[in-house]
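Working notes, structure below.
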Amino acid sequence: MQNETASSVQGNVTTETQETPEPLSEPVSMTVTTELTESRRLEVTGRTNLPEEARLEVLLERHASGVNWQIRTQVRDGGFVVGPLGPGSGLVGGRYVIRVRMPVADVQPNAVKARIGERGEHLKGPLVARSPHGLGNIVEFSSDYLFDG
């Protein structure tokens with residue numbers, strides 16, 4: 001017995017169309033809050049309108065010494081949470097700065113790059129700066145933090 005496979009093609013051909021994501025049109029916004037843990041280290045929580053899965057770097061730096069702690073994360077559900085930041089022994093009293101930075105578009109996932117532009121050209125607002133290496137726009141947020149110790 002012979003097996004035969006038959007297929008027919010209808011007159012209508014369907015093609016999958018990939019939707020182009022909407023470019024980011026509003027200015028970049030970011031709010032950052034901190035919480036001191038029982039071990040005197042900081043947890044940093046942020047809300048932003050950057051695209052989902054945008055890669056971020058969160059840094060805590062001590063003014064007096066320049067010592068810093070950094071964590072990489074991604075935007076999830078319009079925000080991010082990182083920490084704890086600081087030495088295992090806990091923060092010592094003094095002034096600190098918290099920086100949240102979104103690096104250049106080249107290191108972002110394709111879906112993020114589609115929204116912010118190949119060189120971050122769709123990014124705008126006071127948090128947007130030119131990359132020091134000439135690779136397009138980046139996002140930089142900075143906030144002081146004073147710990148009484």
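No other residue among Pro132, Pro126 is out of contact with any His (no Cβ under 6 Å at 6 or more places or on another chain), at pLDDT 95 or above, assigned to a loop (DSSP other than H, G, I, E, B) and exposed (fewer than 14 other Cβ atoms within 10 Å of the Cβ) apart from Pro126.
In the range 50-78, the residues that are among the hydroxyl-bearing types (Ser, Thr, Tyr) form Cβ pairs under 8 Å with partners that are open to solvent by 50 Å² or more (accessible area, probe 1.4 Å) and at pLDDT 95 or above, at six or more places apart or across chains, as follows: Thr73/Arg55; Thr73/Val81.
What do you reckon, is Ile98 in contact (Cβ under 8 Å) with a residue 60 or more places away in the chain and closer than 30 Å to Pro23 by Cβ?
Values: in contact (Cβ under 8 Å) with a residue 60 or more places away in the chain: yes; closer than 30 Å to Pro23 by Cβ: yes.
Spelling it out, Ile98 is indeed in contact (Cβ under 8 Å) with a residue 60 or more places away in the chain and closer than 30 Å to Pro23 by Cβ.
Of Leu56, Leu50, which residue is part of a loop (DSSP other than H, G, I, E, B) and open to solvent by less than 60 Å² (accessible area, probe 1.4 Å)? None of the other options fit; the residue is Leu50. Can you tell me which residue within the range 27-39, out of those that are open to solvent by 70 Å² or more (accessible area, probe 1.4 Å) and free of Cβ contacts under 8 Å to residues at least 60 places away in the same chain, is nearest to Ala111 (Cα to Cα)? Among residues in the range 27-39 that are open to solvent by 70 Å² or more (accessible area, probe 1.4 Å) and free of Cβ contacts under 8 Å to residues at least 60 places away in the same chain, the one nearest to Ala111 (Cα to Cα) is Thr31. Among the residues of the range 101-129, those that are under 23 Å from Val82 (Cβ atoms) and without any contact (Cβ under 8 Å) to a residue 12 or more places away in the chain comprise Lys113, Ala129.
How many residues are open to solvent by less than 30 Å² (accessible area, probe 1.4 Å) and either assigned to a loop (DSSP other than H, G, I, E, B) or touching a helix residue (DSSP H, G or I) at 6+ places or on another chain (Cβ under 7 Å) (or both) when one looks only at the range 84-112? I'd like the intermediate steps shown before the answer.
Restricting attention to the range 84-112, the residues satisfying the condition of being open to solvent by less than 30 Å² (accessible area, probe 1.4 Å) are 85-86, 90-91, 94, 96-98, 100, 102-105, 108-109, 112.
When the remaining residues are screened for being either assigned to a loop (DSSP other than H, G, I, E, B) or touching a helix residue (DSSP H, G or I) at 6+ places or on another chain (Cβ under 7 Å) (or both), the result is 86, 90-91, 103-105, 108-109.
The qualifying residues number 8.
The values are calculated or read from the model by the stated rules, or taken from the named source; none is laboratory data. Keep in mind that this is a model prediction, so the values were computed, not measured. Every residue, glycine among them, receives a Cβ derived from its backbone with ideal geometry; neighbour counts consider all protein chains shown. In case anyone asks, the SASA skips ligands and DNA or RNA and just uses the protein heavy atoms, side chains included. Shrake-Rupley method; radii C 1.70, N 1.55, O 1.52, S 1.80 Å.
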